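Scroll down for the structure; my scribbles are underneath it.
The values are calculated or read from the model by the stated rules, or taken from the named source; none is laboratory data. What you see is a predicted model; the values in this text were computed from it and never measured. Reconstructed Cβ throughout: ideal geometry from the backbone, glycine too, with neighbour counts over all protein chains shown. Ligands, DNA and RNA are stripped out before the accessible areas are found, and what is left, the full protein with its side chains, is counted by its heavy atoms. Shrake-Rupley method; radii C 1.70, N 1.55, O 1.52, S 1.80 Å.
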Amino acid sequence: MSYEVIVVGGSIAGLAAAMQLARARRRVLVLDSGEPRNRFAQLSHGFFGHDGQPPSAILANARSQLLSYGTVSFVEGLATHAVKTGEEYTVTTASGALHTASRLILATGVSDDLSSIPGLQERWGISMLHCFYCHGYEVAGRRLGVLATSERSLQTAMLLPDWSEHVTLFTNGVLALAPEQLAELRTRGVGVEAEPVVALLGDAPALSGLRLDDGRISPVDALFVNPRTRMASPLAEQLGCEFDEGPSGLFIRTGGDKQTTIRGVYAAGDAARPAHNASWAAADGVTAGISTHQSLTLAQSVCR
Ligand SMILES: Cc1cc2nc3c(=O)[nH]c(=O)nc-3n(C[C@H](O)[C@H](O)[C@H](O)COP(=O)(O)OP(=O)(O)OC[C@H]3O[C@@H](n4cnc5c(N)ncnc54)[C@H](O)[C@@H]3O)c2cc1C
């Protein structure tokens, strides 16, 4: 079936983009495989007007508001392939259905590589946390750790004392700290543990401590860690979009209007920005939706 715009990814960025197009009375298809990145968390925080709500409830509400517009279709399923054919884009789903449109918005998100530490997956979003703005308040005052994955972990450790006075940075063979960095951490009251972490302890999804290589146990209630991310979908690569390197992995390169390096293909949300949260994803989606709408009529979007 033919649409004006296909949005691949029906979570925060995709639904925000589709809403702008729906309100402009355009024929939009949203394709979604139902695996938003924050599905492991019980509650979402800091998202304007939705603080403390379950992520699934936020999406269900947004989807039902979107579907009240008559020009929107929502299909559950995985888009496996996207290709430009003439002036149109054709998206194939895992069920073999073909959908075409003159514009494409990729809001497919990223996925976190949780394979590096045994026990991380079952604690992810509960006691293993990626962001203190999202979940720091809920563990304030507890024994907090930062498991180093890159240079960025040093910043996390420097900021985390705003949430607790019991903070330890586990350098885990990843960070070699200079004397002045150690002094800065001391000023902030952060302990530093150089012995590698070998196991996570406690009844998952809870965490009670970390076993270190020398056999010691360091008591920790919540551990902040920034895993590597990868594109949740191969579509941008298939279409020939260019990428940039962010602090946790690649993201799709876009202009200020969220158009990718491929004309007619827009991208929004975690997949198309270096820093990630729900509010930025929603804002990106709005920009992509408005730019895409304007591109159907104007040579240049006002969002550039
Ligand atoms: C554990 C955890 C907790 C978090 N908590 C918070 C929080 O409290 N507050 C906050 O602001 N941020 C939070 N975040 C960050 C937030 O989840 C992301 O920034 C946000 O979800 C990004 O939205 P998005 O729409 O870009 O991508 P996503 O929400 O990841 O959605 C992408 C969608 O695209 C779909 N998709 C992917 N590929 C395809 C395909 N090929 N075909 C069809 N559909 C596809 C997926 O199924 C998914 O539904 C959290 C992140 C994590 C990991």
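Here are some notes:
- When ASP270 is tested against (1) surrounded by 24 or more Cβ atoms within 10 Å (Cβ to Cβ); (2) within 18 Å of LEU21 (Cα to Cα); (3) in contact with a helix residue (DSSP H, G or I) (Cβ under 7 Å, 6 or more places away or on another chain), just one condition goes unmet, and that condition is (2).
- When THR108 is tested against (1) within 15 Å of the ligand (Cβ to nearest atom); (2) open to solvent by 60 Å² or more (accessible area, probe 1.4 Å), just one condition goes unmet, and that condition is (2).
- ARG186 being closer than 20 Å to PRO227 by Cβ and among the basic types (Lys, Arg): no
- Residues in region 164-202 that are open to solvent by 50 Å² or more (accessible area, probe 1.4 Å) and either under 14 Å from MET128 (Cβ atoms) or hydrophobic (A, V, I, L, M, F, W, C) (or both): VAL174, ALA176, LEU182, VAL192, ALA194, VAL198.
- Any hit, region 254-264, residues being touching a Phe, Trp or Tyr at 6+ places or on another chain (Cβ under 8 Å) and open to solvent by less than 10 Å² (accessible area, probe 1.4 Å): yes
- Hey, GLY46 farther than 25 Å from THR254 by Cα and under 16 Å from the mean Cα position of the chain (by Cα) or not: yes
- Residue match in region 258-278 (condition: within 23 Å of LEU169 (Cα to Cα), part of a loop (DSSP other than H, G, I, E, B) and either within 16 Å of the ligand (Cβ to nearest atom) or modelled with pLDDT under 95 (or both)): yes
- Residue count for region 208-234 under the criterion of being touching a strand residue (DSSP E or B) at 6+ places or on another chain (Cβ under 6 Å), assigned to a loop (DSSP other than H, G, I, E, B) and either open to solvent by less than 30 Å² (accessible area, probe 1.4 Å) or within 16 Å of the ligand (Cβ to nearest atom) (or both): the result is 4.
- Checking each residue in region 18-43 for being out of contact with any Phe, Trp or Tyr (no Cβ under 6 Å at 6 or more places or on another chain) and near the ligand (Cβ under 9 Å from one of its atoms) picks out LEU31, ASP32, SER33, GLY34, GLU35, PRO36, ARG37, ASN38, ARG39, ALA41, LEU43.
- Test for GLY119: is it on the phi > 0 side of the Ramachandran plot, modelled with pLDDT of 95 or more and surrounded by fewer than 22 Cβ atoms within 10 Å (Cβ to Cβ): no
- Residue in region 71-80 that is more than 20 Å from SER291 (Cα to Cα), open to solvent by less than 50 Å² (accessible area, probe 1.4 Å), assigned to a loop (DSSP other than H, G, I, E, B) and within 14 Å of the ligand (Cβ to nearest atom) present: yes
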